[in-house]
Amino acid sequence: MQRVHNEKSLKPLVQIDLLDRDKLIFVHIQNNGVGPLIIDKLTFFINDKSYGNIEDCLALDPKSYQHLSITEAVKKVILPGTYLEVFSIRFAEQDTCEEIDNVRQQLSVLKLKLEGRDIYNNRIIAKRYLHWFIRHHIC
């Protein structure tokens, strides 16, 4: 019983957060639980075709945005109450609505799947479609 209690007490709670406001667009993985989340793999899907990196899915210069890759050799840990930035881009004042909408459109066709585990090796999977980014044109 104690072990079950300990496992429940240190359970991560995963949330994939999206933001599109004030010329900032991001995709974060938030750990709202009380235990660390070990991310083993991130997979991006476009029409059921999988990619290991977001830069393989976007027709954008990878230097124009922040992004993250998870590999067998490079795993990430998200501590409780913190997040991991999967993608983010901040537009300058001179960037046009068409440029911002282009990024929204490219993100909107993606699905993100996270595969990870807690410290007791219990498997955790989270998925989110990113079609929220085309809910309406903001600018």
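Mean separation of Cα pairs under 8 Å and 6+ residues apart, divided by the residue count of segment 1-84: what relative contact order is that in percent?
Working: 129 pairs, mean separation 26.2, N = 84.
After rounding, I find 31 percent.
Computed from backbone phi, the HN-Hα couplings of segment 46-62 come to 10, 6, 6, 9, 9, 9, x, 9, 5, 5, 6, 9, 10, 8, 10, 5, x Hz, rounded to whole numbers (Karplus: 6.51 cos²θ - 1.76 cosθ + 1.60, θ = phi - 60°; Gly and Pro given as x). Volume per residue of the convex hull around the Cα atoms, evaluated for the chain, comes out as 114 Å³.
With a 1.4 Å probe rolled over the protein heavy atoms of all chains, the accessible area of 135, 21 falls in the order 21, 135, largest first. Estimated from helical segments only, the mean residue ellipticity of the chain at 222 nm is -4000 deg cm²/dmol, where each DSSP H run of four or more residues counts as -39500 (n - 2.57). Close amide H contacts of residue 34 (hydrogens built in the peptide plane, cut-off under 5 Å, sequence separation of 5 or more or a different chain): 11, 13.
Taking the inverse of the mean reciprocal distance over all distinct Cα pairs, the Kirkwood hydrodynamic radius of segment 33-97 comes to 13.9 Å. Between residue 92 and residue 38, residue separation times 0.36 nm minus the direct Cα-Cα distance comes to 16.0 nm. Total lysine pairs in segment 1-90 at Cα distances under 25 Å, for residues eight or more apart or on different chains: 16. Rounded to the nearest 10 degrees, the angle from helix 97-108 to the longest Cα principal axis of the chain is 40 degrees.
Determine the relative contact order of segment 76-139: mean sequence separation of Cα pairs under 8 Å and six or more apart, normalised by residue count, in whole percent.
Values: 49 pairs, mean separation 17.6, N = 64.
Across segment 76-139, relative contact order equals 28 percent.
The values are calculated or read from the model by the stated rules, or taken from the named source; none is laboratory data. Just so we're clear, the structure is a prediction, and the values are computed from it rather than from any experiment. Side chains are part of the model used for accessible areas, which takes the heavy atoms of the whole protein and leaves out ligands, DNA and RNA. Shrake-Rupley method; radii C 1.70, N 1.55, O 1.52, S 1.80 Å.
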